[in-house]
Amino acid sequence: MVVDQLVSEAAYVRLVVSDPDDVWELHDGQLVEKPGMSWEHGRAVALLGSALVVQVDWAEFEVRVNEGRVRHPAGSYFVPDIVVVPASLAQRYANQSGTPPVFDEPLPLVVEAWSPSTGAYDVVAKLPAYQERGDFEIWFLHPYERTLTAWVRRADGSYGEVVYRDGVVRTAFLPGVAIRLEDVFRR
């Protein structure tokens, strides 16, 4: 659901705090409720999230599914399907009841999964925003095509793109993390 009235960032944060049961994003001043997702979308996100949770060093990183907001410098707020956050940044929100976690800093890994309701928007709007933020690695899962597209930030700030259809995907910025696509796209 999109709310036609433009809202400020402060009003957005107040809404997020007052309505913790719904997932709201702020797209260029417009409130957008993140819709429910398909079974395939949810499965791919859950399986990838689980694989990341058991592989990352929790002294160094935290993995969050559909939780944690990334802020674009222009004031948009997105809730990726999965984020991996350095523990030092996550620590800011320990014992901060009523404070939604919002990350301005580039994150090691941001993941979106394609769904019929948001797929086009994710690629057209969110991907460029994540790249402008400087997120180090951006993954888009496509559970119907059974692909993972990875954009990895290079030293010069540009991004290289690789499409994986099978095999093992190793993250560029999370030591020792390797994801078997057949486990993520299990049927």
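The values are calculated or read from the model by the stated rules, or taken from the named source; none is laboratory data. These figures come from a predicted structure and were not determined experimentally. Don't worry about glycine lacking a Cβ; one is built from the backbone with ideal geometry, like all the others, and counts go over all protein chains shown.
Across the range 65-100, what is the number of residues that are without any contact (Cβ under 8 Å) to a residue 24 or more places away in the chain and either crowded, with 18+ Cβ neighbours inside 10 Å or not hydrophobic (A, V, I, L, M, F, W, C) (or both)?
So the count comes out to 8.
Could you list all residues from the range 111-139 that are within 21 Å of Asp166 (Cβ to Cβ) and either in contact with a Lys or Arg (Cβ under 7 Å, 6 or more places away or on another chain) or modelled with pLDDT of 95 or more (or both)?
Val111, Glu112, Glu137, Ile138, Trp139
What is the one condition in (1) acidic (Asp, Glu); (2) under 26 Å from Glu40 (Cα atoms); (3) free of Cβ contacts under 8 Å to residues at least 60 places away in the same chain that Asp135 does not satisfy?
For Asp135, the failing item is (3).
Are there any strands (runs of 3 or more DSSP E) wholly within the range 38-153 with 2 or more residues that are over 14 Å from the mean Cα position of the chain (by Cα), and if so which?
The strands (runs of 3 or more DSSP E) meeting that bar are 147-153.
Hey, can you tell me all the residues within the range 15-63 that are surrounded by 13 or more Cβ atoms within 10 Å (Cβ to Cβ), charged (D, E, K, R) and within 17 Å of Val83 (Cβ to Cβ)?
Answer for the range 15-63, where residues must be surrounded by 13 or more Cβ atoms within 10 Å (Cβ to Cβ), charged (D, E, K, R) and within 17 Å of Val83 (Cβ to Cβ): Glu25, Lys34, Glu60, Glu62.
Considering only the range 119-137, how many residues are in contact with an Asp or Glu (Cβ under 8 Å, 6 or more places away or on another chain) and closer than 19 Å to Phe185 by Cα?
Residues meeting the conditions: 0.
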